[in-house]
Amino acid sequence: MEIVLIIIGAFVGLGVGVWLGIRWGIALMESKPWKYWAANGVVLLGGVMIAVLGQFLGQLGIAVAGLGFAAGGITGLKYGLGRSPGVWAVHDRLVGNDPEMRDGD
């Protein structure tokens, strides 16, 4: 039964993280880049805090939900932002990827 709770925790954490990350990323579209990176730090710290709380309470499902939240939140922030930040921007420039092609019809 514990494995079922762990799997549920992972999916719930990932889903909530992606959902919140996308919403926050959309809100950061017109902001300065440092705000995007600060949001990534907040999401990562929040996920770690949930994971530590789960470990403290002896609930592995909550701990795994924290890891899923961190991973989903960082991913959601990138997709919500709608452009390639950081290392991905360098990659896109090197391969000649057109940033407008993601917004194509």
The helix 60-81 Cα axis meets the longest alpha-carbon principal axis of the chain at an angle in degrees, between 0 and 90 and rounded to 10, of 10 degrees
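Hey, what's the chain come to in accessible area per residue, 1.4 Å probe, Å²? Kindly include the intermediate steps, with their values, before the conclusion.
Values: 7090 Å² over 105 residues.
Heavy-atom accessible area per residue stands at 68 Å².
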Gyration tensor (Cα only) of the range 22-88 to equivalent ellipsoid, semi-axes in Å sorted down, yields 26, 10, 9
Nearest 10, in degrees from 0 to 90: the angle of helix 2-27 to the longest Cα principal axis of the chain is 30 degrees
FRET efficiency (GLU2, LEU45; Cβ distance; R0 30 Å; to 0.05) is 0.65
Per-residue ellipticity at 222 nm attributable to helices in the chain (runs of n ≥ 4 DSSP H, -39500 (n - 2.57) apiece, nearest 500 deg cm²/dmol) works out to -27500 deg cm²/dmol
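The values are calculated or read from the model by the stated rules, or taken from the named source; none is laboratory data. Only a predicted model underlies this, so the values are computations on that prediction, with no experimental measurement involved. We place every Cβ from the backbone using ideal geometry, glycine too, and count neighbours over all the protein chains shown. Please note that ligands, DNA and RNA were not included when accessible areas were found on the heavy atoms of the full protein model with its side chains. Shrake-Rupley method; radii C 1.70, N 1.55, O 1.52, S 1.80 Å.
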